[in-house]
Structures are given as C-alpha cells and as structure tokens.
1. Convert each backbone phi in region A:44-56 into a coupling constant with the Karplus relation 6.51 cos²θ - 1.76 cosθ + 1.60 (shift: θ = phi - 60°), then list the ³J(HN,Hα) values in order as whole Hz, x for Gly and Pro.
2. Rounded to the nearest 500, what is the 222 nm mean residue ellipticity of the protein assembly as shown from helices alone, with -39500 (n - 2.57) per DSSP H run of 4+ residues and division by all residues?
3. Is the shape of chain A best called rounded, prolate or oblate, per the rule: a/c under 1.5 gives rounded, else a/b larger than b/c gives prolate, else oblate, with a ≥ b ≥ c the square roots of the Cα gyration tensor eigenvalues?
4. Using the Karplus equation 6.51 cos²θ - 1.76 cosθ + 1.60 (θ = phi - 60°), what ³J(HN,Hα) coupling, rounded to whole Hz, does each residue of region C:198-207 give in order, writing x for Gly and Pro?
5. Could you compute Rg(Cα) / (2.2 N^0.38 Å) for region B:157-305, with N its residue count?
6. Cross-link list B:K96/B:K299; A:K6/A:K33; A:K127/A:K195; A:K120/C:K181; A:K8/A:K33: which exceed 18 angstrom alpha carbon to alpha carbon?
7. Please report, in whole Å³, the volume per residue of the convex hull around the C-alpha atoms of the protein assembly as shown.
8. Averaged across B:96-104, how many Cβ atoms of other chains sit within 10 Å of each residue's Cβ atom?
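Any read-out appearing in this document is the output of simple, stated calculations on the displayed coordinates, not a laboratory observation. This one's a predicted model, so the numbers in the text were calculated from it and none came from an experiment. Glycine also receives a Cβ, built like all others from the backbone with ideal geometry; neighbour counts cover every protein chain displayed.
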Amino acid sequence: MLNSCKLKIAGLQAWYDSRQVLKGFGMEIRANKITAVIGPSGCGKSTFIRCLNRMHEIVPGARVSGSVLLDEQDIYRANPVEIRRRIGMVFQAPNVFPAMSVFENIAAGLSLNGLRNKQKLREVVEKSLAQVGLLEEIGSFIHLPATGLSSGQLQRVCIARALAVQPEVILMDEPCSALDPIASFHIEELLSELKQQYTIVIVTHNMQQAARISDYTVFLSQGDLIEYGSTPTVFINPRDRRTESYITGRSA
Amino acid sequence: MSRDLFRGMTAVLSLGLVLLVFLMAFVIWQQAEASVQKSGWEFIVSRHWDPVHEEFGALPYIYGTVISTMLAVLFAGPVSIGAAIYLAEFAPRRTKALLAFVVDVLAAIPSIVYGLWGSFVLAPFLRNYIEPWLGKNLGFLPFFQGSPFGLDMLAAGIMLAIMSIPVITAVAREVLETVPDGQREPLIAMGATPWEVVRIGVIPYARNGIVGAFTLGLGKAIGETMAVTMVIGNEPKISASLFSPAHSMTSVIVNEFAQATSVLHLSSLIHIGLLLFGLTLLINVLARLLIYQMSWRVKKRNENT
Amino acid sequence: MKILENHRLIWSRLMVGFCGLSTLLISGLLLLVLGYITLHGLPGANLNFFTRLPAPVGMEGGGLAQAVAGSFILIGLACLIGIPWGIGAGIFLSEVGKDSWWGEGVRFAVDVLSGVPSIITGIFVYSILVVKLQSFSALAGGVALGIIMVPLVARNTEGILQLVPQGLREAALALGLPFWKVILKIILPTAARGIGIGVTLAVAGVAGETAPLFFTSLSNNYWSLGLLEPIASLPMEIFRYATAPFAAWHELAWTGALVLITIVVSGMLLARILLPGYNFRR
C-alpha cells in the first residue's frame, strides 16, 4: 500500500476561454503522502488541483483535456458529483455555510446526500471534529452558528466538513493563507496526522511550509510541470535551474 | 432530480417569462386592431373623442399624460436626486438604514391610498391656498390662469411627483453607491469640499445611471392610474393652464372601460393601452440601457485594476 | 484666497444642506400621508369594519369584511403564481444562465415586464381570462396580480443570490453535492432573508394594486369565496367609497386605506424582524 499511486495524471491541459493555463503534463500522486504544489502566482497551481476533482469546469468558459485516474478510474469519464465525494477540497478562505450551525456544516455533505440517521450523523461529526482537534475546543457550541469562531477554527471546521464525507483524497488550495501563524501551525500539525488515512495535495505559496510538511513537491511554472520529486531532493538538490532560483527566491 | 432537470425547470420558468412578454404584446395588439385599422394615425392627432358617434381621437389623453408626467419629473427630480445624494454620500450609517426604510415605505404605499389622500387633502389645499396665491402673483403666465379647481393638472403633477420620488431616489442611490471610492479619494486628498467631491468625482461618473433613474421614474408616472384618475378632474381638455381639469391615458381607460359597449369603443380604449405599452416599453428599455452601461463600465474598470 | 476658501465651503454646506433638506422633505411627506390616513381612518377602525358587510346608504354600522377577506384571497392567489415563478426565474438568472445570451434575453424580458403599467396587465388578463370565462373572477384578479409580482420577485432574487459569495457554491460542490441541492439546500437558505424581504415588498406592491382589478376581479358587495366569481378587495372598495358622494362612505374609504397600509407596512416590518439569515452588503 505504501508509496502506491493514488492519482495518475496524463496530458493534463486546461483553458479559461482561449487562454491555456495548463500546458499538458503528467505525474503520479502517491497515496498517504502529502504532495505540495508550489510555483509563482499565476503558474496554474490552483487550476491544477481544481482539475483533480473537476472543480475547474464549473467556471464558465473553462475546459479541460487529458486524463486523471483515481485508482485506475478516469474521473473525467465518471459522474463529477461522485468524484468530488471521493476527492474533497479545502479552500483558501474558510467558507463555512453561514445559514447553518457548526454541526450542520460538518454534517452537510452526508445529510444533504440523504443520510437521515441522527445517531450516525452525530458520530461522524464528532469524529471529524476530533480529527481536526476541535471537539474539546468548541464541543459545546456545535449547535450554534459558526459565526463566532476565529478564522483558524473556521478553517478547521471546513477541513472537518471535508473529512466527514470520508473522501480518499483531500485537495487544499492555500488553506493557511488567510490564517495567522499559530493557526497555520495547528493546521500543519493536523495535516501530518491526516496523511495516515488520506492522500493530501496542498497548494502553498509558503516555501517553508512546503518544506516542513510535504513528502513530495511539484514545481509548476507558466502552466508546465518543471520539477517533481521528493521534497528533500527538490529543495536541497533541484535538477532544474528555474526550480532552484524560485526556491532560493532569486526570481519568480 | 438531476442537474439537468433542475436547470431545465428554471429555464422553462424563464422561457415562460419571455413568452409572456410576447403574448402580452400580441393580445393587446389584437384587441386594439379594430381601432388601429379604422383610425390609423388620426388616432393620436385628433382631439375629438365621441363614443356615441364612434369617433375616437386620443390627443387630449396623450396631452394629459405627457404634461402631468413632465410636471412630475420636474417636481420630483431635484428632491429625489438631493435625497439620493444625501443617502449615498452624507447620511450617518444608522440614519441611512432608517431613511432607506422610509423610502421603501413611501414606495410601498398603494396608489389608491395616494389617490384618496390627493383628492381629500391635497386638492382642497391647492384650491384654497396654493392656486389662488399662484393666480394672484404669477397670473400673468398662461399656466396659472383660470379659476382654481383643485382637481386639475397641477394636482396630478404633484401626485405623480410624490409617487415617483421613491422610485427615482432608490435607483439613483443604488447607482451612486456603485461609484468606486477611487473617484472620491483623490479629490478628498486634494482638499476638495464634500460637495466638490460629489460634483466633480461622483456625479459625472454616475450621470448615465442617474438619467436612467429619472427615466424609470418617468415610466412609473406614465403608467400610474388610480392616483391620477382621482385628482386630475377627468375632463378631456387641452389647456395651457395647470388649473384646468384634464384627463390621462390611464384614467380614460379606467373611467370608460365599464361603459364601453361597442366593439370600437372598447378597441379604442385598448388602443390607448397599446400606445401606453409601447411608450413605457421604450422608456424602460432606455432606462435599463443607461443603468447597465454604467454598471458595466464599473465592472470593466474593476477587472482592469 | 481666504475669501475664495470660505466661498467654497459655504457653497458646499448649502448644497449638502439642500440634499439633507430633500431627505427631510421626503420623510415629512411620508408622515403627512400616514398622519392623515391614521387621523381619518382610525375612528372607523372597529370590529364592525372587519366583521360586517357594507350597509346601504344612510344606514350606520357597515363594514368591509368581504373586502378584507377578498384582498387576502387575491394576494394568496398572486403568491401562488408570483413566488415560485419569480424565484425560479431569479435562480435561472443568477445560477444557470448567468453569462449566456439566453440569460440576457430573460433579464431583458424581466425588465420589460416590470415596466409594464399594471393597467396593461389588467387589460391583458381581461382579454385572455375574463372574456373566455365570460365573468370577472377572483382567479383573473389573482393571475393579474401574480404576473405583476413575477418580475419584482425575479429581479430581487437574482440580486440577492449574486451577493452570496461564490466560495460557498464551490465549497458545497466540493462536498460532492449535486448542483440542485447546492442551490436549493445551501445557497437559497443563505439568501433566505434577502429573498423573503423582496417577496414581502412584492406582496406589498400588489396588495394595493387597483387598476388591474377593474378588468379582472371587479368588486362584490357580498361574501364570495368562489374563484370564478367577482370578488371584493380593499383597494377597489376604497376607490368606490372614496368617489361616492356620501360622507359616511368616505369614512369607510379612509379606514380601508388605514387597514391596507397597516397590512402592507407591518408585512414589511415583520419580514425584516422575523426572517432569519444574513444581510449581505451590497
């Protein structure tokens, strides 16, 4: 199981209207590892991970070609709704549903898909909250609207919400960029625990964060994959000069 | 229910709306056809309206509608724009919410209630105080001649002004609030007075939107029925004096619809309706285009920065 | 230089003052109208008004019970048509056909409809329903008022949905929820307050509509609950009583106006107070 391939990407190209954002590349994402996606802004990082659970196509005028295999199954030949249930996503801004309580937020993915069993929902919500370390912290407030929480707590609610659906892969689009350093630290710790059970792909603009938490690192530039390898290799001994100058901050 | 079924359902509802517009135009046209066939262009230039002899010329009604509407915009314009500017630019935040509610309520008061108020409060007030005063002091002008009547063109104009004020104010305020802060800040930094910020930075930018707001108020005034019917006096006269009773396109339809026994009479009334439909269509399209153009420019500007 | 500065400042104060005065004038106008209606209408607002039918000329103690009931029936019918149709079209405009030419066409149709004078809508419904059914009817009145509601509800729904952050849609989609559940179960409840306030404004708008009722529901001096019979309504009765030459009837008209305004304004206030949800800032 260890080191097996979870997502196999081939010839992935993506467009917004006529502008090509991803130029066509392939790679394999390892199961139960954290893969960091880094690169200068506008390089297609976000578009890349949004292609991995078919979120790219919801933007009007967006197109994708190529294939993404989730355990052998091409997600572009499957029902996108089911794919998103298996490949969850956490966004840059902690976007909790304001009309719902914390409990309802976390249960939303299951309850709105037809799970009515109160007991089961409760178990799942508590387990997810425990996984993100919030059960103790906000346990008594879970039936109140989420509006009173700090942004770090909100982001962890969002992660719990993604976990509750029991996905196999979690995609994270700069999950810490709206948080203060302490909240970010909590999330980073959390990720290291989560990788026991999930495959994680995280986009980050924070080089130290990528180096600290990830097992593998992908470097994208101008819609192309420049370098992909184990994080120590990419950071200490990059093959490509562009990677090196980006990591050392000499150029974007 | 799949994604497509849901989309399909909302699309069908929307398609229904588009069809409704066409159906409405078609039905009104059909009902007016007998009169259109018989009277042709004569309909809008003849001032002779005689149901007994089946002669139908709508000029007095068109005149009444045009003049009362112009009066309305004249009276309502400065006040509405002033209030919109105050609401958008100067009002303290908490007052703002309250005042916005006041405008909402003013807009929500039914026209029949305005009509009631107009005929029992406004008209006697005009007859007893305002009109005699105007006649005495400005009587040399043709607009203020004749005996004060109260239920007349002036009352209709004021009534319509009161009713279009909330429309113009609400839309103009919304338009002003879309003006980006970038239009204000450089002026403030240069030491411009609050009014200069509005005059130089805000108003030129929002000009089309404000004109659009006016035009929407105009559209509202033209189609207004009950309040006008109750205060305009309902006599098909064409007179320069604002003290003279008059008639309007909407009020003649309401007044004569029930008594219209002949096909041609009914058709002529609906012919007036058709003109009204066309007129409001034109005005509203124009207004929307002006407002769209402005919000589109704001959007474009935001994308560029 | 000093004089110039003063001149600019005084001018600014004057103009800002004018703007403030305009606002004051508008508020005063509202008080004036509401004040007169309360003054004249309150004495007649007793139990009789709500429980009795109109009394013949010269007799005391008549009410407008049938008109109050009729108005509620007409508004109910209008809501049955106006709310689902308007919200459906609003969802289409905001979520489905947003950037397409087709969406622009629908938006245009909504604009056209909201500009059509209500009297025209009345004539339209008269031509398609009253003539066909050979009778003025509550049904026709409800349909006319419903048609008037649709563009109001649709425009407002679209506007409010546009204020819901795109991130919420993405978050919901990423949970593996189908599109229709995302919209109906997450986005719509989030926007519920704004949509509800818009609906009450639309209801308030049609509750006082009179012109279209001349051609559709007409009026009735007696109880009538059949959908295919003419039905009384507050606005129509206010008009009839206000234009009749009897002082006692005028009183009834004032009270009718007071009741009508109370219904309209309390509806608006209640919506603001009771509706749950969020005020999105424009």
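1. The phi angles translate into x, 4, 5, 4, 4, 6, 5, 6, 7, 10, 6, 8, 4 Hz.
2. Numbers: 33 runs with 485 residues, N = 839.
Estimated from H runs of four or more residues: -19000 deg cm²/dmol.
3. Working: a/c = 1.85, a/b = 1.45, b/c = 1.27.
Here chain A falls in the prolate category.
4. After applying 6.51 cos²θ - 1.76 cosθ + 1.60, I find x, 5, 5, 4, 5, 4, 4, x, 7, 4 Hz.
5. Working: Rg = 20.9 Å, N = 149, 2.2 N^0.38 = 14.7 Å.
Here the Cα radius of gyration is 1.42 times the empirical estimate.
6. Working: B:K96/B:K299 25 Å; A:K6/A:K33 10 Å; A:K127/A:K195 16 Å; A:K120/C:K181 21 Å; A:K8/A:K33 14 Å.
Those over the limit are B:K96/B:K299; A:K120/C:K181.
7. Hull volume over Cα atoms, normalised by residue count, gives 209 Å³.
8. On the way: counts 0, 2, 1, 4, 0, 5, 6, 4, 6.
Rounded to a whole number, the mean comes out at 3.
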